[in-house]
Amino acid sequence: MPEKLLVENLTHHYPDEYTGESVHALDDVDLSVQEGEFISVVGPSGCGKSTLLNILAGLLPYHVGKVTVDGHMIHGPGPERGVVFQEHAILPWRTVNRNIGHGLEIRGVPKAERDNRVAQFVDLVGLTGFEDKYPHELSGGMKQRTAVARTLCADPEVMLMDEPFAAVDAQTRITLQEELIRISIATKKTIIFITHSVDEAAFLADRCVIFSRRPGRIKAIVDVDIPREERIWGNMNADTRFTSKRDEILHLVREEVSVEHEE
Amino acid sequence: MSIFNDLSIALQRKIGRQRLRKWILGSIPFIFLIILWEMNSYFVWLEPVYIPTSGSVWEAIFTLQEGCEGVAAAVALDNSCLMTTHIFSSIGRVILAAVVGLPLGIAFGVIAGMNRTLSKFLEPIGIFFNSISGIAWIPLAIVWFGIGWQTTLFIMLNTIFWLLFFNTMLGVRGVAKVFEQSVLTMGGSRWDVITQVYIPGAMPSIITGCRMAMGFGWRALIAAEMIGGDSGLGFMIFTSAAEFKIEEVFLGVIIISIIFMATDRYLLVPMERWTIQRWGLVWKPT
């Protein structure tokens, strides 16, 4: 399979907002992502995983290393890399329909075609009946469904997700995770999913990238070889293929957390 | 009693209980004021030289409107139709100042709000000019523009512009970064961010700015017309007072208040309801 996204020797420092001291966020990160792959990135808080995502999204300029999508160096944000943010990122002044069609609107797609595509994604994420609601009239889960549909509808090459389900309640989160699996099968998108939840990382991804504590390095990459069609929470919790991988990832993450505590 | 009951129920059905309650409660002070006024006419606690009777204020309308024929006369600045002439003169300036001042203030406010360097550049001078209240500019404006419409328009524009500028700037600064980022990552341009994120996101502040601008601007305009104008309701009040036509002064004050209340209620409040309330950006009483 061809390489979709390539990160080489990426190192990043940024000045701390309050002290002004240089923070070493990423250290020599190498990562190659195949087309259609689902990658999760997990690590202790403050490990630089969000910094990585912001660089991939083009929202943060980088100076050391190289990031390419389909062989092209990235400079700034671009529609080929769609982002699903943590929460409250859909525009409150747009209805569900207009939020989802926003990317197409920016691209100048005619209204008739846009409506057609939007309806397709409204259906895919299960928001039928809520098309004309404003975000403040939706539940947290529905807002994130809208956010996912908005990113998908713009048809990006790579979908970057920054802890998108962190703020919804546990029940909804499980449903959204299963839906995301279903959507990834249907759309065959390349997905990079940032999370601090080990369960979520193991459940969703083909490959799980574990970050060390700051400065963020890739500590390990764990393959989770379970076909996506089989990934349903009802089955996974009793499936040793899943539980063994989850425990392995958990162990790797906890090593980082405990090192931090000993210091 | 049953007639009153039926009437009350019919009214409540028609306009709604909450609105009826609000309407009744809101009109009590006015009714009280009118009763007090009528009592003064009857008992003459204060001479009509100070407080005219309601009848004479009513008659003042016809005195002022004397010799009024046709639409042209109602607007033209001559000695006919004085009341409508002055009303149109004031309203015309308010509209002109709003049409020019509001977009200008919003535009500069957006630019200053989105650009840190530029806002550092513009903010001190903005505070400097804004510290002088609108009407304090009148003497200077008279020197620059003379007595007339230019002076009154300048005073109102100056008041409107700075209020919109500051409110928009603060509003734009308060818009969550993630909205801008989401539009940029969908391939949006700077212009897309301005029109689709900054302006709607700053709408709560912009609307507050508009309400303040209309309130302060309208007051500044009346003051400017008194001192530096040759027409308008402020001018009318001032000249009438000089001629001891106290009933015309009262009439002028009442007209000003009614126009202002109507603008707020039928223009600015619906605008608020249509935008930020619909978007869930304001706390809404249930």
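Quick grid of which residues meet (1) out of contact with any helix residue (DSSP H, G or I) (no Cβ under 6 Å at 6 or more places or on another chain); (2) of a type in the set (K, R); (3) exposed (fewer than 10 other Cβ atoms within 10 Å of the Cβ):
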| site | (1), (2), (3) |
| --- | --- |
| B:Q12 | no, no, no |
| B:L20 | no, no, no |
| B:L25 | yes, no, yes |
| B:S41 | yes, no, no |
| B:P48 | yes, no, no |
| B:T53 | no, no, no |
| B:V57 | no, no, no |
| B:F62 | yes, no, no |
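The set of residues from region B:230-262 being part of a loop (DSSP other than H, G, I, E, B) and more than 15 Å from B:V94 (Cα to Cα) comprises B:D230, B:E243, B:F244, B:K245. For region B:242-286, filtering for residues that are farther than 18 Å from B:Q65 by Cα, among the aliphatic types (A, V, I, L, M), more than 14 Å from every other protein chain (Cβ to nearest Cβ) and over 21 Å from the mean Cα position of the chain (by Cα) leaves 1.
Exactly one residue out of A:G82, A:G43 is buried (at least 19 other Cβ atoms within 10 Å of the Cβ), within 13 Å of chain B (Cβ to nearest Cβ) and under 19 Å from the mean Cα position of the chain (by Cα): that is A:G82.
Can you pull out the residues in region A:48-59 that are part of a loop (DSSP other than H, G, I, E, B) and either of a type in the set (A, V, I, L, M, F, W, C) or within 14 Å of another protein chain (Cβ to nearest Cβ) (or both)? Let's see the steps before the verdict.
The initial filter retains those residues of region A:48-59 that are part of a loop (DSSP other than H, G, I, E, B), namely A:48, A:58-59.
Selection gives A:G58, A:L59.
Taking A:F193 as the residue in question, decide whether it is touching a helix residue (DSSP H, G or I) at 6+ places or on another chain (Cβ under 7 Å), assigned by TED's automatic domain parsing to the domain that holds A:I39 and part of a loop (DSSP other than H, G, I, E, B). Let's see the steps before the verdict.
Working: touching a helix residue (DSSP H, G or I) at 6+ places or on another chain (Cβ under 7 Å): yes; assigned by TED's automatic domain parsing to the domain that holds A:I39: yes; part of a loop (DSSP other than H, G, I, E, B): no.
Here the answer is no, as A:F193 does not meet what is asked.
Please go through region B:22-51 and give me each residue that is more than 21 Å from B:E248 (Cα to Cα) and of a type outside the set (K, R), ordered by number.
Within region B:22-51, the subset more than 21 Å from B:E248 (Cα to Cα) is B:22-29, B:31-32, B:43.
Matches in region B:22-51: B:W23, B:I24, B:L25, B:G26, B:S27, B:I28, B:P29, B:I31, B:F32, B:F43.
Checked against (1) among the hydroxyl-bearing types (S, T, Y); (2) assigned to a helix (DSSP H, G or I); (3) at pLDDT 80 or above, B:Y50 meets all criteria but (2).
Meeting the requirement of 2 or more residues that are away from every other protein chain (no Cβ under 14 Å), the helices (runs of 4 or more DSSP H) wholly within region B:135-212 are B:138-145, B:149-173. Only a single item in (1) touching a residue at least 60 places away in the same chain (Cβ under 8 Å); (2) within 21 Å of A:S32 (Cα to Cα); (3) of a type outside the set (F, W, Y) is not met by A:A154, and it is number (2).
Taken residue by residue, region A:137-158 has at least one member that is among the hydrophobic types (A, V, I, L, M, F, W, C), farther than 14 Å from B:S182 by Cα and touching an Asp or Glu at 6+ places or on another chain (Cβ under 9 Å).
In the set (1) buried (at least 23 other Cβ atoms within 10 Å of the Cβ); (2) over 26 Å from B:I127 (Cα atoms), B:Q181 fails one condition alone, (1). Here B:D230 passes the criteria (1) touching a Gly at 6+ places or on another chain (Cβ under 7 Å); (2) surrounded by fewer than 23 Cβ atoms within 10 Å (Cβ to Cβ); (3) modelled with pLDDT of 90 or more except the one numbered (3). In the set B:L233, B:L268, B:L221, only one residue is hydrophobic (A, V, I, L, M, F, W, C), in the same structural domain as B:L102 (by TED's automatic domain parsing) and more than 20 Å from B:W162 (Cβ to Cβ); that residue is B:L233. Close Cβ contacts (under 6 Å, 6 or more residues apart or on different chains) running from residues in region B:178-207 that are over 18 Å from A:G58 (Cα atoms) to residues that are among the charged types (D, E, K, R) comprise B:V197/B:E180; B:I207/B:E272. If you check A:D225, A:D247 for being part of a loop (DSSP other than H, G, I, E, B), over 19 Å from the mean Cα position of the chain (by Cα) and on the phi < 0 side of the Ramachandran plot, only one passes: A:D225. Residue count for region A:85-117, restricted to those that are within 27 Å of B:Q277 (Cβ to Cβ), hydrophobic (A, V, I, L, M, F, W, C) and more than 14 Å from chain B (Cβ to nearest Cβ): 0.
The values are calculated or read from the model by the stated rules, or taken from the named source; none is laboratory data. Note that the structure is a prediction, hence the values are computed from the model and not measured. Here Cβ is always computed from backbone atoms with ideal geometry, including for glycine, and neighbour counts include all displayed protein chains.
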